[in-house]
Amino acid sequence: RMLQLGVEPERFDSLQGQPLDGRCLLREAREKALKASKEKTGKKDVAGYLNLMANSIDNFTHGLAVGGSFLVGFRVGVLTTFAILVHEIPHEVGDFAILLRSGFSRWEAAKAQLATAAAGLIGAMTAVIFSGARNSIGKYFLIF
Ligand SMILES: [Zn+2]
């Protein structure tokens, strides 16, 4: 019966529950064309790069928080790290979706997100270095 209507069964399945009107089909075609052109040229939306930049800054501040909290005490450090990890799960999933929508492939999005994680490490090191510098200056003055 579906074949009589000129619609392939698998196509009919993907459209199930949606009104088969012209507007819906038009939007679908436009999104497909947009996706195809992105895949072809490898061009990505600015939104994707903005998201990565924001994510790097966010991870940097998380790194500062983790590094700083471990300096306060081991228990505080573990608790802070746990809280940030839990907070990061929905965060990174959302960012992953934004990157995919911006024209990144899954692999590119995963690599880009790993790169932003490096900003977190830099943040943690910044916290430790700055406190360490202060301490070493303090020790230096204690010796003399
Ligand atoms: Zn975050």
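The values are calculated or read from the model by the stated rules, or taken from the named source; none is laboratory data. Computed from a prediction, not measured in an experiment: that's the story for all the values here. Positions of Cβ are backbone-derived with ideal geometry, glycine not excepted, and every protein chain shown enters the neighbour counts.
Structural remarks
- THR80 vs. criteria within 30 Å of GLU31 (Cα to Cα), modelled with pLDDT of 90 or more and of a type in the set (Val, Ile, Thr): no
- LEU64 vs. criteria under 22 Å from LEU50 (Cβ atoms) and either modelled with pLDDT of 90 or more or outside the structural domain of LEU34 (by TED's automatic domain parsing) (or both): yes
- Single residue of SER69, SER105 found to be more than 16 Å from the ligand (Cβ to nearest atom), out of contact with any strand residue (DSSP E or B) (no Cβ under 7 Å at 6 or more places or on another chain), among the polar types (S, T, N, Q) and not assigned by TED's automatic domain parsing to the domain that holds GLU31: SER105
- Residue count for segment 80-96, restricted to those that are of a type in the set (Val, Ile, Thr) and either near the ligand (Cβ under 10 Å from one of its atoms) or surrounded by fewer than 16 Cβ atoms within 10 Å (Cβ to Cβ) (or both): 4.
- Some residue of segment 30-49 being at pLDDT 90 or above, part of a helix (DSSP H, G or I), exposed (fewer than 13 other Cβ atoms within 10 Å of the Cβ) and out of contact with any helix residue (DSSP H, G or I) (no Cβ under 8 Å at 6 or more places or on another chain): no
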